[in-house]
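Bear in mind these aren't lab numbers, they're just calculated from the coordinates by the rules spelled out. Keep in mind that this is a model prediction, so the values were computed, not measured. Cβ atoms come from the backbone with ideal geometry, glycine included; neighbour counts cover every protein chain shown.
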Amino acid sequence: MISEGAKLGADCEIGASVIIGPDVTLGDRCVVQAHAVIEGHTTVGAENFFGYGAIIGAPPQDYAYRGTFRTEVIIGEKNIFREYVTIHRGTKDGTATIIGDNCMLMVGAHMGHNSHIGNKVIIANNCLLAGYVDVGDGCVLGGGSVYHQFLRVGRYAMVRGGTGFSKDIPPFLTTGVPNTVTGLNAIGLKRAGFSLEARKEVKAAYRAVFRSGLNVSESLAAARSKREWGPEATYFFDFIAGSKRGICSASYGRSEEGSEES
């Protein structure tokens, strides 16, 4: 059921019982499998895949939302949205929920209103992102993990499945129990092409903040006063300094920081 006004690019495949609303734009070579729904002001780039029963662009679950508001979902290129993924559009007039390029959202994942995920993000089965959650490039969110509204996940973080978070997760780290980081995502950074020098510097930045024995503001000031840092460590420090919800604490039970050669 493709509404008048919907715009479909070249060579799209539309399955049985799909519903596409009048304000939807699909890029070239998109695949929409049976019983999926794409509605609202939703703009989709080329070569996206929507699995059975996915619902994209539905109104937000927010009492503040008014049906007269124009809000959006904006999706980049070459993403995979598996069965029953749900993505809600923005809640305030003129706002959007945004997905980058080359991401995979697995079965049952949910993106709440005004959430933003970057590029090459993997969100496993049944993850729940509340409104205004921001996920940086290259993150991996484990199955069944849940994220409080207005929370941020820094680039290339790796989150353990079955955990919940109400504090920001700094970039380049792994997580353990709720609101806890366990060390450097050494394998993920190596696979992503970060140089050995960059990985060593991120490890040093991690230790400067989480192993200094100082509070966060003191450790940031001390680290920045000691040396010049490269772009990855600078982003790490800036992310932590910009946190409004506070950041996850470190687990001291075991070291998962990775070796110097990682």
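Numbers below:
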{"quantity": "Per-residue HN-Hα couplings for the stretch 116-122 [Karplus 6.51, -1.76, 1.60; θ = phi - 60°; Hz; x = Gly/Pro]", "calculated": "9, 10, x, 9, 6, 9, 10"}
{"quantity": "Residues whose placed amide H lies under 5 Å from that of T175, excluding near-sequence neighbours", "calculated": "M158, R160, T182"}
{"quantity": "Summed side-chain charge close to R224 - residues other than R224 whose Cβ falls under 15 Å, Lys, Arg +1, Asp, Glu -1", "calculated": "-2"}
{"quantity": "Estimated 222 nm signal from helices in the chain, with DSSP H stretches of n ≥ 4 weighted -39500 (n - 2.57), rounded to 500", "calculated": "-5000 deg cm²/dmol"}
{"quantity": "With at most 12 other Cβ atoms within 10 Å, longest stretch of the chain clear of loop GluC sites (Glu not before Pro) (DSSP)", "calculated": "5-227"}
{"quantity": "Partners for K226 among lysines (Cα-Cα distance below 22 Å; same-chain residues under 8 apart left out)", "calculated": "K200, K203"}
{"quantity": "Electrostatic dipole magnitude of the chain [Cβ: Lys, Arg +1; Asp, Glu -1; Cα centre; debye, to 20]", "calculated": "900"}
{"quantity": "Karplus-derived HN-Hα couplings along the stretch 7-17 (A = 6.51, B = -1.76, C = 1.60, θ = phi - 60°), whole Hz, x at Gly and Pro", "calculated": "10, 10, x, 6, 6, 7, 10, 10, x, 5, 6"}
{"quantity": "Additional length obtainable on full extension of the chain from F150 to D28, 0.36 nm per residue less Cα span", "calculated": "40.6 nm"}
{"quantity": "Viscosity 1.567 mPa s, temperature 4 °C, Stokes-Einstein D of the chain from Kirkwood C-alpha radius, µm²/s", "calculated": "68"}
{"quantity": "Distant-in-sequence amide H partners of V121 (H built 1.01 Å from N, under 5 Å)", "calculated": "C103, M104, G138"}
{"quantity": "Among G230, G154, G131: highest mean-square fluctuation, GNM of the chain, C-alpha pairs under 10 Å", "calculated": "G230"}
{"quantity": "Within-12-Å neighbourhood charge of F49 [Cβ basis; K, R +1; D, E -1]", "calculated": "-1"}
